[in-house]
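Colleague: Take a look at the following structure, please.
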Amino acid sequence: MEPMAIANTLKEAFPQGVQDILEYRGEVTVVVRREALVEVAQLCRDDEDLQFNYLSDLAGVDYYPAEPRFAVNYVLFSLRLGHSIRLKAYAPGDDPVLPTLTGVWAGANWPEREIFDMFGVSFKGHANMRRILMPFDWTGHPHRKDYPLGYEEVQFSFNYERVQRQKPHPKE
Amino acid sequence: MFTGLDLTHSTDIETDHKTVELALKQLRGHISEKAFTGDTMLLNMGPQHPSTHGVLRLLLELDGESVVSCLPDIGYLHTGIEKNMEAKTYEKALVMTDRIDYLNNLGNNLAYALAIEKLVGLDVPPRAQTIRVIIAELQRIASHLVWLATHILDLGATSVMLYCFRDREHILDMFEMISGQRMMGSYIRPGGLWRDLRPEFIPALRKFLRYMPRKLDDYHRLLDNNPFFIDRTKGIGVIPSQIAINWSISGPLLRGSGVNFDIRKAQPYSGYDQFEFDVPVGQNGDVYDRYLIRMEEMRQSLRIIEQALERLPGGPVRSDNRKFVPPPRAELGTSMEAVIHHFKLWTEGFVAPEGEVYVRVESPRGELGVYLVGDGTSKPYRVHFRTPSFWNLQSLEWMVPGYMLSDLVAIIGSVDFTLGDCDR
């Protein structure tokens, strides 16, 4: 099926759940309300004409300072029919929670943990919602846009003193 | 990461006990109840262990010698590459992609370059496309040779490791010819390639094409009917195809389970649809099948390279769209416009439109995807790498239980992950 046709099928099935349909360079994204995400995903997997049995990718994006701030993109692919589509679900910054899709595609397990680790978006119903890449006692979520990258300031003669003061030196 | 059994910070025995209790509490539900009564043993494998192929830590629950549960713990090699790329211009960020999967450097370049080209709508000349295919396939062979070397070394055969690294050296020499670097080449750039092939590359490649099939025959002779090898790989680490699909496993691991899915065939890129090659598919989904598949993939890669060499077209190797690709050095002396483009591209960089694209390629390990978000500036707003090692590695959790501890080593080798690829 053509991506646009798939998007329209989903829109017909969930007139309330599907918020928007975006297209860029032939790739179609279906923006789904988070309340309807699991149902839409289940339809995508089980429908005879769709058969999205393969979850290709999960990618989180932080649109700070816009609201709703976080988005998670689910790239779906059908091994049998060879077509693909993208689902997108937004989560607001003050309540960054999305339903888990591990019940639909088991492979979403680690990627959802990664998004929790990097963005602080937690997935409701996930069996093991813990950090995966960062140390367990880390504070903050590194991929958020308001999380500083952190770098060492280059030392010149005009700022030598100031940079020297800020450097971590061993204590006596 | 697990707090699990990390006793390095405590000094007295009482704190030790508290830490262990806390750690065990966290593990409840992930390991069997027998571990709490002491009927089974918890064993830490890694992060520094020769057969974990990097810094992978496995928390194993053992009943005698058989594995009851296996909890992989990753993140030791997390370097924040995705975050760092957001702070660089599109072209400067390219050098970081080499470092993601250190056995598939130029393949990572390819995936990232394809994503940029799709995002901004950039053309690639036919000569560059064909050279990209040659390089991607050489990289596949090099990566599979390292897999074979380390996998067989884990199973106890030392000499195969030496042979494989000897053969891989020929490929690295060729990479050095074209890019000046053995490993971190950054040779594939948005819009084409860094520069044209050096004249000595083609003869070296032809020599390699004559040399490599004989060596592959040797490996087959060494291993195919070797009773030790068969005992340790047949019927080990079986993944049923339905489960493999549901867990989004990709690459030789998925094809070993009998699913015919290769992105070079399913969604061809860089002109792969013009080449004739077969996709080997296994039947049993065990370690031995994955061995056969990777061996056959090397042969098919040689086939693709041969075809590509035959039809290698002439012409430029980089797009002449000056808004994205810097002009050749010679033009700078004669053209004012070229100077302006040169200055703009090496200071501000090119501007990508607002949009989001997902591009995927078949890396030696499986599906390598790049999710790229542009926001109308010269820096990527978000780059996400869907790395095959990360997605394949989660299968260890349910693939290992039930097998012996020594089988675990064979299974880890057959997954063929690199931790750099996994943790990014």
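The values are calculated or read from the model by the stated rules, or taken from the named source; none is laboratory data. These numbers come from a predicted model, not from an experiment. As a convention, Cβ positions derive from the backbone with ideal geometry for all residues, glycine included, and neighbour counts pool all protein chains shown.
Colleague: Please state which one of B:VAL279, B:VAL317, B:VAL325 is within 14 Å of chain A (Cβ to nearest Cβ) and either surrounded by fewer than 21 Cβ atoms within 10 Å (Cβ to Cβ) or in contact with a strand residue (DSSP E or B) (Cβ under 7 Å, 6 or more places away or on another chain) (or both). Quick ask: steps written out before the conclusion?
Modeller: Numbers: B:VAL317 fails: within 14 Å of chain A (Cβ to nearest Cβ); B:VAL325 fails: within 14 Å of chain A (Cβ to nearest Cβ).
Exactly one of B:VAL279, B:VAL317, B:VAL325 is within 14 Å of chain A (Cβ to nearest Cβ) and either surrounded by fewer than 21 Cβ atoms within 10 Å (Cβ to Cβ) or in contact with a strand residue (DSSP E or B) (Cβ under 7 Å, 6 or more places away or on another chain) (or both), namely B:VAL279.
Colleague: Name the residue that is farthest from the other protein chains (Cβ to nearest Cβ), counting only residues in segment A:1-50 that are of a type in the set (Lys, Arg) and buried (at least 18 other Cβ atoms within 10 Å of the Cβ).
Modeller: For segment A:1-50, the residue satisfying everything is A:ARG34.
Colleague: Before we move on, is A:PHE116 crowded, with 17+ Cβ neighbours inside 10 Å, out of contact with any Ser or Thr (no Cβ under 9 Å at 6 or more places or on another chain) and not aliphatic (A, V, I, L, M)?
Modeller: Against the criterion (crowded, with 17+ Cβ neighbours inside 10 Å, out of contact with any Ser or Thr (no Cβ under 9 Å at 6 or more places or on another chain) and not aliphatic (A, V, I, L, M)), A:PHE116 does not qualify.
Colleague: Moving to a separate point now. Between a first residue in segment B:383-398 that is closer than 17 Å to B:PRO240 by Cβ and in contact (Cβ under 8 Å) with a residue 24 or more places away in the chain and a second residue that is among the aliphatic types (A, V, I, L, M) and surrounded by fewer than 22 Cβ atoms within 10 Å (Cβ to Cβ), which pairs have beta carbons less than 7 Å apart while being 6 or more apart in sequence or on different chains?
Modeller: Within 7 Å, the pairs are B:GLU397/B:LEU71.
One line per residue, one yes/no per condition, for (1) in contact with a helix residue (DSSP H, G or I) (Cβ under 7 Å, 6 or more places away or on another chain); (2) crowded, with 23+ Cβ neighbours inside 10 Å; (3) within 18 Å of B:HIS30 (Cβ to Cβ); (4) more than 11 Å from chain B (Cβ to nearest Cβ):
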position	(1), (2), (3), (4)
A:ALA106	yes, no, yes, no
A:GLY120	no, no, no, yes
A:ARG131	yes, no, yes, no
A:PRO135	no, no, no, no
A:GLY140	no, no, no, yes
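Colleague: Output the number of the condition that B:SER395 fails; it satisfies all remaining conditions of (1) under 20 Å from B:VAL95 (Cα atoms); (2) within 14 Å of chain A (Cβ to nearest Cβ); (3) within 28 Å of the chain's Cα centre (by Cα); (4) hydroxyl-bearing (Ser, Thr, Tyr).
Modeller: All conditions pass for B:SER395, except number (1).
Colleague: A follow-up question, please. Name the residues in segment B:325-334 that are more than 24 Å from B:ILE188 (Cα to Cα) and either at pLDDT below 90 or charged (D, E, K, R) (or both), would you?
Modeller: Selection gives B:GLY333 alone.
Colleague: Of the conditions (1) at pLDDT 90 or above; (2) surrounded by fewer than 22 Cβ atoms within 10 Å (Cβ to Cβ); (3) assigned by TED's automatic domain parsing to the domain that holds B:ILE243, B:PRO401 clears all except one; give me its number.
Modeller: Answer for B:PRO401: the failing condition is (1).
Colleague: Which residue is surrounded by the fewest Cβ atoms within 10 Å (Cβ to Cβ), if the candidates are limited to segment B:233-242 and must be out of contact with any Gly (no Cβ under 7 Å at 6 or more places or on another chain) and not small (Gly, Ala, Ser)? Walk me through how you get there before you give the answer.
Modeller: Filtering segment B:233-242 for residues out of contact with any Gly (no Cβ under 7 Å at 6 or more places or on another chain) gives B:233-237, B:242.
Okay, now just the ones that are also not small (Gly, Ala, Ser), so B:233-234, B:236, B:242.
Details: B:THR233: 25, B:LYS234: 14, B:ILE236: 20, B:GLN242: 11.
Checking each candidate, the answer is B:GLN242.
Colleague: Can you tell me which of (1) more than 14 Å from chain A (Cβ to nearest Cβ); (2) buried (at least 20 other Cβ atoms within 10 Å of the Cβ) is the one B:ILE245 doesn't meet?
Modeller: Against the list (1) more than 14 Å from chain A (Cβ to nearest Cβ); (2) buried (at least 20 other Cβ atoms within 10 Å of the Cβ), B:ILE245 comes up short only on (1).
Colleague: Within segment B:315-336, does at least one residue satisfy the condition of being in a loop (DSSP other than H, G, I, E, B), within 24 Å of the chain's Cα centre (by Cα) and within 30 Å of B:GLU276 (Cβ to Cβ)?
Modeller: Scanning segment B:315-336, I find no residue that is in a loop (DSSP other than H, G, I, E, B), within 24 Å of the chain's Cα centre (by Cα) and within 30 Å of B:GLU276 (Cβ to Cβ), so the answer is no.
Colleague: Find all pairs meeting these conditions: Cβ atoms under 6 angstrom apart; at least six residues apart or on different chains; first residue within segment B:190-210 and in contact (Cβ under 8 Å) with a residue 12 or more places away in the chain; second residue part of a loop (DSSP other than H, G, I, E, B) and among the hydrophobic types (A, V, I, L, M, F, W, C).
Modeller: B:GLY191/B:LEU122; B:GLY191/B:PHE324; B:GLY191/B:VAL325; B:GLY192/B:VAL124; B:GLY192/B:VAL317; B:LEU193/B:VAL317; B:ASP196/B:VAL317
Colleague: Has segment B:298-312 got any residue that is surrounded by 14 or more Cβ atoms within 10 Å (Cβ to Cβ), outside the structural domain of B:PRO203 (by TED's automatic domain parsing) and assigned to a loop (DSSP other than H, G, I, E, B)?
Modeller: Within segment B:298-312, none of the residues are surrounded by 14 or more Cβ atoms within 10 Å (Cβ to Cβ), outside the structural domain of B:PRO203 (by TED's automatic domain parsing) and assigned to a loop (DSSP other than H, G, I, E, B).
Colleague: Exactly one of (1) crowded, with 16+ Cβ neighbours inside 10 Å; (2) within 30 Å of B:THR158 (Cβ to Cβ); (3) not aliphatic (A, V, I, L, M) is unmet by B:PRO190. Its number?
Modeller: Every condition holds for B:PRO190 apart from (2).
Yes/no matrix, rows are residues, columns are (1) at pLDDT below 70; (2) surrounded by 15 or more Cβ atoms within 10 Å (Cβ to Cβ); (3) within 26 Å of A:MET118 (Cβ to Cβ):
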{"site": "B:MET1", "(1), (2), (3)": "yes, yes, yes"}
{"site": "B:ASP6", "(1), (2), (3)": "yes, no, yes"}
{"site": "B:THR15", "(1), (2), (3)": "yes, no, no"}
{"site": "B:LEU24", "(1), (2), (3)": "no, yes, no"}
{"site": "B:ILE31", "(1), (2), (3)": "no, yes, no"}
{"site": "B:PHE36", "(1), (2), (3)": "no, no, no"}
{"site": "B:ASP39", "(1), (2), (3)": "no, no, no"}
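Colleague: Being touching a residue at least 24 places away in the same chain (Cβ under 8 Å) and facing chain A (nearest Cβ under 10 Å) narrows it down to one residue among B:GLY420, B:GLY369, B:GLY413, B:GLY349; which is it?
Modeller: B:GLY369
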